[in-house]
Amino acid sequence: MNTISKLTVAGILSLGLFVTQSCVQDDDYSVPPIECEKTLKANISMVDLITKAASGQIQLESNGAIAENLIMDAYVISSDETGNIYKTISLQDSPENPTVGIQIEIDGGNLYNEYPLGARIQISLKGLVVAKDRGVMKIGSVDPNFAVGRIKVAEMKKYIFKTCDPVKQIQPKVVNSLAEALLPGNVNTLVTINNVQFKQPEVDLTYSVSGTTVNRVLIDKTGKETDLRNSGYAKWFDEALPTKSGSITVIVSMYNSSYQLFIRDTKDVNFTQDRFTVGGGGGNTGGGVEATNLLFPGSDFNDWNVFLSSLNSFQITDNLAVQGIGNGRDDTNSLHLNGTPEKNTFVFTVKADGATTPANAKKITMWVKGSAAKSLSFNLDTTTGRKFYNLGAFGAEDAVFSPQENNQYTGAVNTNGQWRLVTLNIEGLTLNTTGDLLGLKIGSATKYDILIDNIKID
């Protein structure tokens with residue numbers, strides 16, 4: 001009798017446990033209570049980890065695993081609850097305004113139960129691998145077949161610890177174009193992108209196809225496109241693609257050199273506005289939108305022959321510049337300054353004939369990206385003589401320049417891979433309508449590798 005009673009009680013308890021566990025998952029982002037573990041003292045930031053790992057400054061074992069006792073804090077920004085995220089957790093270094101993100105590989109599912117969205121976790125890195133794998137920085141196990149292997153479920157708690165901190169609300173970075181979202185600093189972070197829509201929802205129809213991961217193309221107002229990756233095992237794979245436009249919250253990722261985006265659930269898609277016409281607005285993000293106020297024909301550099309037709313008889317000096325095909329803002333074309341002049345020289349000079357010289361114009365703007373040990377000088381011809389705009393040490397941020405007395409090339413250019421807006425202040429000046437208008441000069445014996453795009457006048 002006692003035995004039967006004990007078995008009955010055990011069965012009831014087991015049934016209760018089963019029912020409780022089976023109710024954990026639902027169609028919302030479930031947040032299970034965190035049973036916190038020991039709290040460790042972090043001794044390396046995510047930024048330092050990535051930097052040092054990339055530069056070989058971390059002591060490693062012979063098998064490539066980290067040999068140092070390194071502890072890192074991180075915040076969970078992904079969820080595999082709906083099936084679109086597979087055997088990975090995306091992490092960033094802060095719940096808002098993150099500096100950097102990283103991905104951790106785990107050979108298991110239902111990870112959201114252990115590590116819910118917004119949880120602060122700690123990773124003991126000794127024995128693990130940190131490396132770039134197909135364009136993405138990852139943490140994982142030693143695996144002779146892969147750059148970064150997956151940590152076995154049985155070993156998760158050896159390396160990953162939940163803190164007792166309350167779950168945080170992750171605040172995505174908000175941007176207004178795909179160009180702003182698809183940047184190296186946003187990889188493995190949570191970003192909300194405004195002003196986007198699916199390129200052809202009437203053709204693609206659903207998010208995915210059963211059992212197959214597919215790409216659905218997102219497009220913004222400038223015409224820039226990128227892939228949204230959707231799993232055929234996601235709970236919502238057969239839901240209809242929204243036909244309107246709006247905002248989408250994504251985890252930014254890469255595959256080799258190509259960007260790709262992931263949603264955690266269709267709740268991340270907020271397309272409630274009417275569809276827009278591509279090229280019909282969206283700010284200074286390049287391409288056809290910026291081409292409305294071009295200083296001279298071809299100054300968006302999309303049609304190289306049109307640009308060349310705007311130059312004086314000297315054309316391009318010593319082939320110092322070529323068309324940067326696909327290297328402009330938003331993957332349009334640009335002027336690629338690519339050469340080492342023997343002396344201080346003009347790269348090109350634009351004729352005033354055909355240029356746009358509105359009365360009372362206040363500025364000439366252009367976008368610049370790249371580096372050189374010497375700087376750039378723009379020569380502007382006006383009715384009161386030639387004006388010299390020297391960029392000097394430039395690249396940390398957008399900058400405004402006023403005319404100087406002569407050409408100077410001192411100061412290095414380095415935009416750290418970002419587009420920077422150069423503004424030439426022309427208030428009070430009357431530009432030439434005949435003869436020469438604008439010339440670009442560069443310094444001697446220095447390698448230039450600089451892109452210039454969308455020269456406008458306002």
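The values are calculated or read from the model by the stated rules, or taken from the named source; none is laboratory data. Quantities reported herein were computed from a predicted structural model and do not represent experimental measurements. Glycine also receives a Cβ, built like all others from the backbone with ideal geometry; neighbour counts cover every protein chain displayed.
Answer yes if at least one residue in the stretch 163-184 is within 18 Å of Y115 (Cβ to Cβ) and charged (D, E, K, R), and no otherwise.
yes
Could you say whether any residue in the stretch 118-129 is without any contact (Cβ under 8 Å) to a residue 60 or more places away in the chain, buried (at least 16 other Cβ atoms within 10 Å of the Cβ), closer than 24 Å to V175 by Cα and within 24 Å of the chain's Cα centre (by Cα)?
No, the conditions are met nowhere in the stretch 118-129.
Is it true that some residue in the stretch 304-316 is within 21 Å of E180 (Cα to Cα), assigned to a loop (DSSP other than H, G, I, E, B) and modelled with pLDDT under 95? Explain how you work it out, then say what you get.
Within the stretch 304-316, the first condition is being within 21 Å of E180 (Cα to Cα), and the residues that meet it are none.
No.
Mind counting the residues in the stretch 62-98 that are part of a loop (DSSP other than H, G, I, E, B) and in contact (Cβ under 8 Å) with a residue 60 or more places away in the chain?
16
Pick from the stretch 219-241 the residues that are touching a helix residue (DSSP H, G or I) at 6+ places or on another chain (Cβ under 7 Å) and at pLDDT 95 or above: which of them is nearest to V175 (Cα to Cα)?
So the residue we want is L241.
For the condition in contact with an Asp or Glu (Cβ under 6 Å, 6 or more places away or on another chain) and on the phi < 0 side of the Ramachandran plot, what is the one hit in K369, K363?
Going through K369, K363 in turn, just one is in contact with an Asp or Glu (Cβ under 6 Å, 6 or more places away or on another chain) and on the phi < 0 side of the Ramachandran plot: K363.
Consider D265 carefully, then state whether it is crowded, with 16+ Cβ neighbours inside 10 Å and of a type in the set (D, E). Before you say what the answer is, go through the steps one by one.
Working: crowded, with 16+ Cβ neighbours inside 10 Å: yes; of a type in the set (D, E): yes.
It is true that D265 is crowded, with 16+ Cβ neighbours inside 10 Å and of a type in the set (D, E).
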